[in-house]
Amino acid sequence: MGDIVPAPWGGYLINSYGLCDRILRDRAWRVPDSAWRARQGGGTRWGAPSSTEMGRTLPALNPPHHTRVRRSLGNMFDRKCLGGLAGTIEGHAERLVDRLAEELRGGEADFSTLVSEELPMSSIGGWLQLPPSDYTYLRELAHDQVFTQELLPSASQLALSDSATVQLESYFRALVQERRKSPGDDPVSRWLRTWDELESDREAADEAVYLLALLVFLAAPETTATLLSSMVWLLLEHPRQLGWLRAHQEHIPEAIEEVLRYDSPNHIISRVAPEDITIGDVTIEKDRMVHLMVGVANHDPAHFADPEIFDIRRKASHLSFSGGIHYCLGAPLARMEAGTLLSVLLRRMPGLRVSAPPVYAPRVGFRRIMELRVVEP
Ligand code: HEM
């Protein structure tokens, strides 16, 4: 369709890898922040309560506000943190594969529900030290909340998202108050200590930490669950490559990158033009939204040789974790979860097969695999 295509609902779709990469790295381009959302009008999707609340979180902040908040998080998943989490994540993966094996004894099982949806929730929930009895409730809310971040959410989807946002708001506000009362060695307590130094006003510090907890929670489970199911689907669909990987497990990281390239969990990243900008023969007016179609850009033939071929040895870069100042802070955790799960599966389930193609939710922004039926003959 071309590198820049007018979107039927306004704005532009940016399809080429080079342009998406350039816009992500260019600090002049802005994310749709609270002020931009307010300018679109209360009657639009941008005025929905779920959108307004998302407009206050890290991915919707522009510098200098973004710089300050991002700096407060530091490198969340550095080597030390990942080293501390490795054993726990491996334990979760082993336990979930035990459960999968149990179910498979009775015939088919749904890999997505049993494993992909559970591992990211246990990992982020454990890291934030949330009670495991809350996981099911929180996961359901996360599934509904992301509608507000979809490309064109319907009124009923927005209503679901608004309701989920209200519930998540009260959950994470209560969590912050609880950690205020009894601080510990957990991320929320650490953020409170950081923000007490940055803000003289305690309420402002609590507000900043609530928004961090909400966002980190929302960013993690959906995206990572989709990565895990896509990884299993794509590798089982390519048995020769899977066989090679079993014999060369040191290449697991490259296989995960190829899964991320081939079917990115998020297909769209949005930016707005800081002023009138001309790219080629198209002028994008100030404040106009562009949709960076990263799922498409990851298949750009101008950037990748044979992009439609799934090849775990290709060692190519991708835009699935974004780029520039908003680059995903959870990428190391997502990669570790995928790598750990894959090692456990390679060791314990050599006969695993897919029995039906995955069932996808009808979404384009946040992909979601609702069902991935597997057998182990
Ligand atoms: C496969 C899994 C994941 C994918 C594909 C993914 C993708 C993304 C993308 C595309 C963005 C940038 C959006 C933009 O540029 O506007 C982003 C930002 C972010 N992600 Fe992830 N993510 C994943 C997992 C995680 C996890 C596990 C966490 C946390 C535990 C996380 C935390 C964040 C945060 C905090 C940001 C905001 C960064 C900023 O705006 O400065 N993500 N992610």
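So if we plug the beta-carbon distance of Ala101 and Lys181 into 1/(1 + (r/R0)^6) with R0 = 41 Å, what FRET efficiency do we get, rounded to 0.05? The formula returns an efficiency of 0.45 here. Taking 16 Å as the cut-off, the amide N atoms of region 293-317 that come nearer than this to a point 7 Å along the Cα-to-beta-carbon line of His248 belong to 310-316. Multiplying the residue separation of Leu151 and Glu371 by 0.36 nm and removing their Cα-Cα distance gives an extension gain of 77.0 nm. Look at the dipole of the chain built from charges on Cβ: of Ala255, Leu58, Ser72, the Cα furthest out on the positive end belongs to Ser72.
Under a 5 Å amide H cut-off, with hydrogens placed 1.01 Å from N, Ile279 pairs with Ile284 among residues at least 5 apart or on other chains. For the chain, modelled as a GNM whose springs connect Cα atoms under 10 angstrom apart, the maximal fluctuation among Leu345, Leu292, Leu228 occurs at Leu345. Each stretch of four or more DSSP H residues adds -39500 (n - 2.57); spread over every residue of the chain, this sum gives -16000 deg cm²/dmol at 222 nm. Using every pair of separate Cα atoms, the Kirkwood estimate puts the hydrodynamic radius of region 234-377 at 17.3 angstrom.
Assign one of three labels to the chain, namely rounded, prolate or oblate, based on the Cα gyration tensor with a ≥ b ≥ c the square roots of its eigenvalues; rounded applies when a/c is under 1.5, prolate when it is not and a/b is larger than b/c, and oblate otherwise. Cα axes put the chain in the oblate bin.
At an R0 of 35 angstrom, the distance between the Cβ atoms of Glu308 and Cys81 translates into a FRET efficiency of 0.40. Per-residue extension of 0.36 nm, minus the Cα-Cα distance of Ser170 and Arg25, leaves a gain of 48.7 nm for this segment. In a simple Cβ point-charge model (Lys, Arg +1; Asp, Glu -1; nothing else charged), region 153-267 has a dipole of about 320 debye relative to its Cα centre. Which one of Val115, Leu130, Leu100 is farthest out on the positive end of the charge dipole of region 95-142, using unit charges on Cβ (Lys, Arg +1; Asp, Glu -1) and the Cα centre as origin? Projecting each Cα onto the dipole axis, the largest value belongs to Leu130. Contact order, relative form, for region 1-69: 21 percent (alpha carbon pairs under 8 Å, 6 or more residues apart, mean separation divided by residue count).
Pairs of Cα atoms under 8 Å, at least six residues apart: use those to get the relative contact order of region 269-377, whole percent. Averaging sequence separation for qualifying contacts and normalising by length gives 15 percent for region 269-377. Shape call for region 136-243 from the C-alpha gyration tensor, a ≥ b ≥ c root eigenvalues: rounded (a/c under 1.5), prolate (a/b greater than b/c) or oblate? Oblate shape, in that a/c is at least 1.5 and b/c is the bigger or equal ratio. Based on Cα contacts under 8 Å between residues 6+ apart, region 4-375 shows a relative contact order of 26 percent.
Proximity of backbone amide H atoms, modeled 1.01 Å from N, is registered between Tyr360 and Met370 at under 5 Å, excluding neighbours fewer than 5 places apart on the same chain. In a simple Cβ point-charge model (Lys, Arg +1; Asp, Glu -1; nothing else charged), the chain has a dipole of about 500 debye relative to its Cα centre. Full extension of the chain between Glu140 and Ala159 yields a length gain of 5.4 nm, computed as 0.36 nm times the residue separation minus the alpha carbon distance. Restricting attention to region 4-375, close to 85% of DSSP beta bridges with both partner residues there are antiparallel.
Only the coordinates and a few stated rules stand behind these numbers; no lab work does. Remember, it's a predicted structure, so these values are computed and weren't measured experimentally. In this analysis, Cβ positions are derived from the backbone assuming ideal geometry, glycine residues included, and neighbour counts consider all displayed protein chains.
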